[in-house]
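Below: the structure, in structure tokens.
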Amino acid sequence: MASEEEEVRLDHLPQALLATIMTKLDIASICSLASTSSTFRFCAHHILSFLPTFHLLDIAPSGELLRPLLPPNPYLMSLKVDCGRLDDSALAFLLKPSLLELCLHNCADFSGKLLSEIGTRCKDLRSLYLGSVAEKRGRAIHISDLEELLGGCSQLEALILMFDVSLFLRHNFARVWASASEKLTSLEIGYISSVTVTELLSPNLGSHQPLNPVLPSILPSIQKLCLSVDYITDAMVGTISKGLVFLTHLDLRDAPLIEPRITFDLTNAGLQQINQLGRLKHLSLVRSQEFLATYFRRVNDLGLLLMADKCANMESICLGGFCRVTDTGFKTILHSCSHLYKLKVTHGTHLTDLVFHDISATSLTLTHVSLRWCNLLTNHAVVSLASNKELKVLDLRDCRSLGDEALQAIGVLPKLKVLLLDGSDITDAGLSCLRPHVINSLYALSLRGCKRLTDKCITALFNGCSVRELRELDLSNLTNLSDNGVLLLAKSRIPFLELRMRQCPLIGDTSVMALASMQFDEARWHGSSLRLLDLYNSGGITPLAFRWLKKPYFPRLKWLGVTGSVNRDMVDALARSRPFLHVACHGEELGADPYDTSDGLYTHDYDEVDEFEQWLLEADVDSDDEEFGDAENNEELVV
């Protein structure tokens, strides 16, 4: 009776007051609240016509579900949507003339009409993100679509095109970009050839005197440029450095399909051309090994010495794949960049402890350090790095010589938020060093592939601690982690958002049951807070576990990794009963788009059912049970 009286009192609050309260919530929370009563439903419908922001990236709604959530709204300024289930038919209600910010992910089923319509309807846009446009077979983008986008959005300041723009004909490309907004300061492109970049900027080089540059006619105001290309070359780097005179942020990544020839590669001469005007603050040069184990073989210490002369104002440096650079080159960068706070080196095959030996004698205050695949590093390097008490992110993945001595040094970093130790030689006892000062501040911890860890690592980390911040934990590839360890984890009552336990042969159904039944916050929650659970190829998972993956268990779950061969029918039935759950069965890594700018957590509480899904689907739970029942019966017949 008390709850009924409380609901009546809420229903009788003035609607203006209710509407004011609801405007403080995110879209998912508004829809969840709307499902509880007709009064809240009416208020939700009303406020959706004047909300300034609409962000819905946790799920990919269909056009039928999204249309009523986007009524005419002259006040809507920011729209962010996962368009995985939308196509060109959604353009009519997605694109509003009032928009200043538009972020559309997973637009594979849209055609180039998306670009041209944005240029026609959203002329006041300041920021635009488009992901995976026209990637579905049969969809196409024409150069005229890009031209209408760039010509129509004359106020654009930030543009992110996360798809392959090499589809456009090169001979028209520069002409089209000449119509882009002169206010454009930030440009990111998912894939473009280095030749196209060079040709785009080459006609607009300024004077031969670098101290008196002439303003380029294409992209004159660019300050941030992020490109993924086929090859990072001297010609492209030189063209960018000379043509974009206001550049402060340069991020270049390539993934060669074959070993590059000298004319299609970066050399010492190319590095020397970077930052001629000394304005760069952030530099990232990465050779990915996505298709081929290849490196920047034509760059050595001399290249970094030449570049370091103009790096005094650098704040962030990321270098990946510089296999011939030794301690001399890396140390030069550290000692030349007095303002450096972020250092990232991947595949530093000649990087040793000596680079950091005297780092405490410098004025550096590093807050982000990533040293991945630097196999010569030992505990001594971590001890030296730990002199930076301001460290917030420490990524030491695949540095296989690190052990418990490194953990002792890390254990005195009170501000650490992210710690990644994949593949290191640490033990259960060593992890206890994190308990006094570090574990309470950590947000993300990865112990993937640390072969010496057992169930006791859970006790070593969490026993006797009140862990308030930890939300992401990776325990994948731990051959000695069993259901007993997961039971200890469930008893800790830590409200994890992401838990990865892939390739753990001793993890089974008991772990799923324990996580599904997990309770925390003094009975406010029954069930799990998890939004991502990866159990791919965990040896003990059987069809029994799938019964605990149904509603109402795991009410927030959006990403699930399992082995499809366990029972294909049950996997398919689970995917159909929870259409907003992304079920991955082929071993792919789970997680949201790295460019996802979702607002994150919902601000409301759940009981046993995700009311947002219930509001969207208006599904009959009985039909789900029947479908699972059929799958389970089929399983019994097979057995």
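The values are calculated or read from the model by the stated rules, or taken from the named source; none is laboratory data. Here the structure is a predicted model, which means the values were calculated and not measured. FYI the Cβ positions are ideal-geometry reconstructions off the backbone, even for glycines, and counts take in every protein chain you see. Please note that ligands, DNA and RNA were not included when accessible areas were found on the heavy atoms of the full protein model with its side chains. Shrake-Rupley method; radii C 1.70, N 1.55, O 1.52, S 1.80 Å.
A few points about this structure:
- Between the labelled values (1) 1.10; (2) 0.98; (3) 1.14, the entry that holds Rg/Rh (Cα atoms, Kirkwood Rh) as derived from this structure is (2).
- Selected from L70, L51, L95, residue furthest toward positive end of dipole (the range 50-97; charges at beta carbon): L51
- When each of K417/K451; K113/K224; K281/K342; K344/K392; K392/K491 is checked by Cα-Cα distance, pairs over 18 Å: K417/K451; K113/K224; K392/K491
- Note on the chain: with charges restricted to the Cβ of Lys and Arg (+1) and Asp and Glu (-1), its dipole about the Cα centre is near 2580 debye.
- Solvent-accessible surface of protein heavy atoms, probed at 1.4 angstrom with all chains present, puts K456, K417 in the order K456, K417, largest first.
- Charge tally for G348 (other residues, Cβ to Cβ under 15 Å; Lys, Arg +1; Asp, Glu -1): +3.
- Split the accessible area of the range 369-451 by element, probe 1.4 Å, and carbon with sulfur accounts for 54%.
- The range 467-512, relative contact order in percent, only Cα pairs under 8 angstrom and at least six apart counted: 54 percent
- Heavy-atom accessible area, probed at 1.4 angstrom with all protein chains present, ranks F40, F50 as F50, F40, highest first.
- Rel. contact order, % - alpha carbon contacts under 8 angstrom, at least six apart, the chain: 6 percent
- Packing, as the average of other Cβ atoms within 10 Å across residues, places the peptides 231-239, 176-184 in the order 231-239, 176-184, highest first.
- Counting only heavy atoms of the protein chains and using a 1.4 Å probe, L17 has close to 80 Å² of accessible surface.
- Along the axis of the charge dipole computed for the range 435-503 (Cβ charges of +1 for Lys and Arg, -1 for Asp and Glu, origin at the Cα centre), the listed residues Q503, L488, L453 are led at the positive end by L453.
- Peptides ranked, highest mean first, by Cβ atoms within 10 Å: ranges 134-140, 98-104: 98-104, 134-140
- Under the criterion of Cα pairs below 8 Å and six or more residues apart, the relative contact order for the range 392-504 equals 23 percent.
- Solvent-accessible area assigned to carbon and sulfur over the range 92-137 amounts to 46 percent, based on a 1.4 Å probe.
- For the chain: accessible area per residue (Å², 1.4 Å): 43 Å²
- From most to least packed by mean Cβ count within 10 Å, the peptides 406-416, 383-393 give 406-416, 383-393.
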